[in-house]
Amino acid sequence: MAMKKYETLADELESLVRNGTLLPGERMPSVRRTVQMRGVSPSTVFEAYYLLERRGVIEARPRSGYFAKAPRSPVAAPELVRPRTGARKVEISDLAVEILSSLRDRDVVPLGSAFPDPALFPLETLARVMAARMRRLQPHRMVADLSPGNEDLRRQLALRYVNSGFAVPAQDIVVTSGAMEALTLCLQAVTAPGDLVAIESPAFYGCLQALDRLHLRALEVPTHPVDGVQVDELAKLLARHDVKACWFMPNFQNPTGYLMPDASKKKLVQLLARHRIPLIEDDVYAELYFGARRPLPAKAFDREGWVMHCSSFSKSLAPGYRLGWAAAGRFARDVERMKLMSTISVAVPSQLAVLDFLERAPLEKHLRALRTKLQARQDMAMSAVRRNFPAGTRVTQPQGGYFLWVQLPQHIDALKLHTQALSQGISTAPGHLFAPDARFGNFVRLNYGHAEPAQLQSAIKLLGRLCALAQQESTAGA
Ligand SMILES: Cc1ncc(COP(=O)(O)O)c(C=O)c1O
C-alpha cells in the first residue's frame, strides 16, 4: 500500500531527529513554514506531527509548538545509597566552603552553580515596576509593609495556594529574605541546640549548613533519587529516635530532582501529625515543572498545621530580590516573632516589585517561557550525558527544576573530577557537598539551567571525557 503524504513527511522529519540534525529540545519547523517549504496542506503537516508525537519522537508544549524529544533514556537512574544509621553531628568542612566559593567564579561554565541563568528572568521589567511602585508609594507604607510583610503581597501568595487547590490564610504567611531565611526561622522556631532533625540523604547543603550553625544533630533518612523520602523507613526511625523536626523537599529536590508521589506526601504528613513532629518543607523549585501542572506540596495534605511550607521567587522570577516566605501553620506566630527579632523585615522595594508581577499576572507568561527553556536544556544535557559519559553512569531525569544527579562509575572520584574540570573552566557540584560524609563521592550534580545551550553541550562533553580518562586510569591501575 502506498504511503500517505503525511507518513512520508513524518518519516523525513523523524530522520532529522534521529540523525541529530534536529537536537533534542529543539523546536520543530512551524506548521506554516513546513506548508510553504513542502507545498503540502496544513492538515498533512498536523497529521505528520500527531504521528511523530505518538511515536515519541516529538512533543507538543502548550502555546510553544512542537519540540524534538531525546530518545527514551537508556541510562538507568542512580541507586539509593543507604545513609549511616544513628544521629550525627554535622560539620561543614573547609573543603565544602572552598567548593562553594569556586562556584561563583564568572569565568567558568557554571555546571556546579545552584542558580539558573539570570538572563532567563525579566530583570528589566522588574526594575521598571519596582521604580514605578516606589515613586507612587505613600510614605506611611514604608513602615506598614515591614514584618510580617506587605498585606497585598501576602494575600496574593495566599491566592496562589488557592489556585493549587488548598487554603492557607494570608495571616499565616510571613514574608522572608529568600527561602533560606524562611527555612532557618522555621527550624529555629521548633528546635533547640542539640536536638535531632531528620534530613534527606543526599540533602541540600544549605540544610546541612543550617544544622551545623544551629548546633543541631542530623538523622539521615533513606531517600530514593526518583521517588524521595522512604516514608516506611522514616516511620521505623521515628519509633527509635526523638526527632524534633524533619526538613524535606518533596518537589524536585536539590540535588537529586526527585518528585515524591502525592500518596507518599500524604502518608508522610499523616505520619508526622501522629507523632506531632513539624515538617519544614522546602518548595523552591515547584514552579519549574515540566508536566501539566504544579506538583502539590506536602502542605496540601496538612490538616493540623504541622507543615511549615517555605518557598521563594529566587529560582522562578526574581533572583537577588531575596523574596521568600513561610506558611508555618500552627507555628506561624512564632516565625513572625522570630523574623521581627532577627532582621525586622524584607526590603519594601523587593516586596512591591514582586507584588506588581503577581497582581498584573505577567508572572504566568514568564513562568511558561522559563519552563519551556529549562526543559529544552534538560533534553540537551541528558543526551550529552548519554553520548559522552562512560558506561556504568546513571542519571536522574527530573520532571522539573534544573539539576541532573549523576552517579559515576564507582571508582571515579567526583572531587578529583571537580578539580580537573575547574582547571579547564568548568565547575561541578561534587556529591561531597550533599552529605555529612563522603558517601556520595562518586556523584555529581550538574546544573543545566545556567550555561548557554552550546556551552552546556561542550562542557558536558569535556566532563564525559575526563570521566572516561579517570575510568581508564582506574582500570589500568587495578
Ligand atoms: C533547595 C534550596 N532551598 C533553598 C534555597 C534558598 O533559596 P533562596 O535563594 O530563596 O534563599 C536554595 C538555593 O539554592 C535551594 O537550592
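Brief remarks on what is shown
- Taking every residue in region 466-478 that is closer than 13 Å to A391 by Cβ and pairing it with any residue that is among the small types (G, A, S) and outside any helix (DSSP H, G or I), at least 6 positions away or on another chain, yields no pair with a Cβ-Cβ distance below 7 Å.
- Selection status of G149, within 16 Å of the ligand (Cβ to nearest atom), within 25 Å of the chain's Cα centre (by Cα) and either part of a helix (DSSP H, G or I) or of a type outside the set (S, T, N, Q) (or both): no
- For region 306-316, the count of residues that are modelled with pLDDT under 95 and within 23 Å of A245 (Cβ to Cβ) is zero.
- Residue match in region 29-51 (condition: touching a strand residue (DSSP E or B) at 6+ places or on another chain (Cβ under 6 Å) and without any contact (Cβ under 8 Å) to a residue 60 or more places away in the chain): yes
- Against the conditions (1) open to solvent by 20 Å² or more (accessible area, probe 1.4 Å); (2) of a type outside the set (S, T, N, Q); (3) within 25 Å of V17 (Cβ to Cβ); (4) part of a helix (DSSP H, G or I), L340 satisfies every one except (3).
- Taken as a whole, the structure places V162 among residues that are more than 16 Å from the ligand (Cβ to nearest atom) and closer than 17 Å to A286 by Cβ.
- Matching residues, region 218-275, being open to solvent by 50 Å² or more (accessible area, probe 1.4 Å), more than 22 Å from G206 (Cα to Cα) and of a type in the set (A, V, I, L, M): A239, A263
- Residue match in region 282-291 (condition: modelled with pLDDT of 95 or more and more than 14 Å from the chain's Cα centre (by Cα)): no
Yes/no matrix, rows are residues, columns are (1) within 16 Å of the ligand (Cβ to nearest atom); (2) on the phi > 0 side of the Ramachandran plot; (3) touching a residue at least 24 places away in the same chain (Cβ under 8 Å):
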{"site": "L323", "(1), (2), (3)": "yes, no, yes"}
{"site": "M341", "(1), (2), (3)": "no, no, no"}
{"site": "P349", "(1), (2), (3)": "no, no, yes"}
{"site": "P362", "(1), (2), (3)": "no, no, yes"}
{"site": "K365", "(1), (2), (3)": "no, no, no"}
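- Residue match in region 198-215 (condition: within 22 Å of the chain's Cα centre (by Cα), under 16 Å from D283 (Cβ atoms), free of Cβ contacts under 8 Å to residues at least 40 places away in the same chain and open to solvent by 30 Å² or more (accessible area, probe 1.4 Å)): no
- Residues of region 104-113 include at least one that is open to solvent by less than 30 Å² (accessible area, probe 1.4 Å), more than 16 Å from the ligand (Cβ to nearest atom) and more than 20 Å from the chain's Cα centre (by Cα).
- Members of region 72-101 that are under 30 Å from A369 (Cα atoms) and either open to solvent by less than 70 Å² (accessible area, probe 1.4 Å) or touching a Leu at 6+ places or on another chain (Cβ under 6 Å) (or both): S73, V75, A76, A77, P78, L100
- Scanning region 86-131 for residues that are touching a residue at least 40 places away in the same chain (Cβ under 8 Å) and of a type in the set (D, E) returns E91, D105, D107, D117.
- Region 302-318, subset part of a loop (DSSP other than H, G, I, E, B) and touching a Leu at 6+ places or on another chain (Cβ under 7 Å), residue farthest from the ligand (Cβ to nearest atom): W306
- Taking the criterion of being in a loop (DSSP other than H, G, I, E, B) and not small (G, A, S), the residues of region 9-57 that qualify are N19, T21, L22, L23, P24, E26, M28, P29, V40, R55, V57.
- Region 319-343, residues that are closer than 17 Å to A192 by Cα and within 25 Å of the chain's Cα centre (by Cα): V335
- Residues that are crowded, with 18+ Cβ neighbours inside 10 Å, within 25 Å of P118 (Cα to Cα) and without any contact (Cβ under 8 Å) to a residue 60 or more places away in the chain, drawn from region 431-461: V444
- Selection count where residues are under 23 Å from D227 (Cβ atoms) and either in contact with a Pro (Cβ under 7 Å, 6 or more places away or on another chain) or near the ligand (Cβ under 8 Å from one of its atoms) (or both), scope region 180-206: 5
- Checking each residue in region 114-127 for being open to solvent by less than 50 Å² (accessible area, probe 1.4 Å), more than 19 Å from R445 (Cα to Cα) and within 16 Å of the ligand (Cβ to nearest atom) picks out L120, F121, L126.
- Within region 276-301, restricting attention to residues that are over 18 Å from L185 (Cα atoms), more than 16 Å from the ligand (Cβ to nearest atom) and touching a residue at least 40 places away in the same chain (Cβ under 8 Å), the residue that is surrounded by the fewest Cβ atoms within 10 Å (Cβ to Cβ) is G291.
The values are calculated or read from the model by the stated rules, or taken from the named source; none is laboratory data. Remember, predicted model here, so these are calculated numbers, not experimental data. So basically every Cβ, Gly included, is an ideal-geometry build from the backbone, and we count neighbours across all protein chains shown. Remember, those area values only see protein heavy atoms, side chains included, never the ligands or the DNA or RNA. Shrake-Rupley method; radii C 1.70, N 1.55, O 1.52, S 1.80 Å.
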